[in-house]
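As structure tokens, the structure follows; a few thoughts come after it.
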Amino acid sequence: MPPSYILTTGATGFIGAHVVSHLLSKGIRVRGTYRSQKKVDVIVSHFRTLYGDKVDTLLDFVYTGDLAAPGCFDEALKGGIDAVIHCASPLNFTLTPSEIINPAISGTKSLLASITATPSVQKLVVLSSFAAVVDEFNKGLGPDVEYTANDWNPITYEQGMSELRYSYLASKALSEKQVWEWKGKEEEGGRVGVVSLCPPLVFGPIAHPVEKISELNSSNAELWFLTTGFSPLPLSPVPAWVSIHDLTTALVNAAIDDSITNKRYTIASPQPFSSQLAADSFRELFEWAKERVTEGEPGKYPDVSKLEGDIAKKELLGGKEYVGWKETLLEAVEQFKKIEDAEKDKTK
């Protein structure tokens with residue numbers, strides 16, 4: 001039986017809000033976790049304009065507080081929750097390594113313990129990351145390298161704690177490994193179907209109103225940073241990307257399709273990403289960008305590793321082609337420009 005009541009953690013974040021919106025559009029009851037009442041109020045009001053009064057019967061929120069606190073998800077899983085889409089994860093590069101890694105691991109442990117104690121939950125979909133796949137220490141990101149869902153980042157806790165740039169990699173790799181270890185214990189996660197998705201950079205519009213450009217998620221912020229005129233163009237640490245629309249569809253389908261279970265996926269557009277590609281597209285598609293985006297070396301794109309996405313396209317997207325790069329950029333950047341313009345108007 002497909003789930004009828006889905007918990008989405010991190011529901012007020014970039015990806016989580018898209019997941020909630022997608023579930024509502026399908027008429028599926030959804031509960032979100034939150035830590036900011038203001039964000040909840042904005043999201044609920046916006047979704048009412050999209051889906052009407054049914055939002056009041058299909059959507060509710062539960063406060064979780066500190067995601068690393070034992071039992072913080074207990075209340076959120078009450079009331080017949082039968083599937084979980086886990087999108088919550090700390091991502092703040094101004095933190096220390098321990099502030100990035102430890103909450104991610106502790107939060108995952110807390111969620112898994114709560115699911116173990118909740119017999120109604122039959123499915124867990126985990127939003128992991130390319131960070132849990134890439135092996136910078138051995139394989140690297142060279143043009144002859146291809147990553148698939150069979151690849152795992154071998155980073156250790158100690159390596160993650162040693163340098164800030166490794167902290168996010170460790171947080172995603174170690175927390176996802178924790179999920180699969182739990183799944184392998186019959187008395188804990190054995191009855192629960194588990195699916196994990198490992199996307200690279202995620203681009204696309206925000207699903208709910210935001211007032212400031214500074215509120216963009218990290219991937220979109222990397223894209224928008226190019227409009228500051230930074231020169232030379234920065235090298236992107238991730239050579240692959242996926243549209244928020246494709247990722248959202250994949251996460252929801254993984255949760256509601258009984259045939260999709262106990263499997264890990266990489267999901268990515270077949271077109272590699274680079275700052276030069278983005279700069280070229282900015283300057284081609286937006287007249288204002290010609291004065292704000294560094295030209296660089298048009299058409300000169302680096303040879304980079306490939307991230308396999310065909311299996312996810314077939315099994316999670318129904319064989320539909322990935323949303324294209326220019327379509328994604330147009331939709332996202334037009335929204336971001338409006339946010340920027342509105343923000344400037346308020347300061348006049």
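Annotation note: chymotrypsin sites (Phe, Trp or Tyr not before Pro) in region 1-97 located in DSSP loop regions with a Cβ neighbour count of at most 16 within 10 Å are 93.
Using a Förster distance of 35 Å, how high is the FRET efficiency between residue 191 and residue 35, based on the Cβ-Cβ distance and rounded to 0.05? FRET efficiency, residue 191 to residue 35: 0.75. Ellipsoid semi-axes for region 152-305, based on the Cα gyration tensor and the rule √(5λ), read 34, 19, 15 Å when sorted largest first.
Checked against a 22 Å cut-off, the cross-linked pairs 139/172; 109/183; 26/326; 183/314 give Cα-Cα distances beyond that limit for 26/326; 183/314.
Annotation: amide H of residue 306 within the under-5 Å range of 145, 146, 147, sequence separation 5 or more or interchain, hydrogens built in the peptide plane.
In summary, the lysines within cross-link reach of residue 344, defined as a Cα separation below 16 angstrom excluding same-chain residues under 8 places away, comprise 212.
In the chain, the sites counted are GluC sites (Glu not before Pro) in DSSP loop states with at most 14 other Cβ atoms within 10 Å, and the longest stretch holding none of them, exclusive of the sites, is 1-162. Beyond 17 Å, what percent of the Cα pairs of region 1-106 remain? Counting pairs separated by more than 17 Å, the tail of P(r) holds 53 percent. When only Cα pairs below 8 angstrom with a gap of at least 6 residues are kept, region 48-162 shows a relative contact order of 26 percent. The mean sequence distance of close C-alpha pairs (under 8 Å, at least 6 residues apart), as a share of the length of the chain, puts its relative contact order at 18 percent.
Fully extending the segment from residue 156 to residue 225, taken as 0.36 nm per residue of separation minus the present Cα-Cα distance, adds 21.7 nm. Whole-Hz Karplus values for region 159-175 come out as 5, x, 7, 6, 9, 4, 5, 8, 5, 5, 4, 5, 4, 6, 5, 6, 6 Hz, taken residue by residue from phi with 6.51 cos²θ - 1.76 cosθ + 1.60 and θ = phi - 60°; glycine and proline positions read x. Globularity index of region 96-146 is 1.62 (Cα radius of gyration / 2.2 N^0.38 Å, N = number of residues). Once a ≥ b ≥ c are taken as the square roots of the eigenvalues of the Cα gyration tensor of region 225-268, is the result rounded (a/c under 1.5), prolate (a/b larger than b/c) or oblate (a/b not larger than b/c)? The shape class here is prolate. Annotation: amide H-H contacts under 5 Å for residue 62 (H modelled 1.01 Å from N, sequence separation of 5 or more, or interchain): 32, 33, 34.
Binning all Cα-Cα separations of the chain at 20 Å, short to long from zero, yields these whole-percent fractions: 30, 60, 10, 0. About its Cα centre, the chain has a charge dipole of approximately 640 debye under the convention of +1 per Lys or Arg Cβ and -1 per Asp or Glu Cβ, with nothing else charged.
At the listed q of 0.15, 0.24, 0.30 Å⁻¹, the Debye profile of region 8-65, built from one uniform point per Cα, gives log10 I(q)/I(0) equal to -0.34, -0.92, -1.44. Each distinct pair of alpha carbons in region 168-259 adds a 1/r term; the inverse of their mean, the Kirkwood radius, is 16.1 Å. Treating the angle as unsigned and between 0 and 90°, give the value, to the nearest 10°, between the Cα long axis of helix 275-285 and the longest Cα principal axis of the chain. The answer is roughly 70 degrees.
All of the numbers you see were taken from the coordinates with simple rules; none came from a lab. Keep in mind that what you see is a predicted model, and the values were worked out from it rather than measured. All Cβ positions, even for glycine, are placed from backbone atoms using ideal geometry, and neighbour counts span all protein chains on display.
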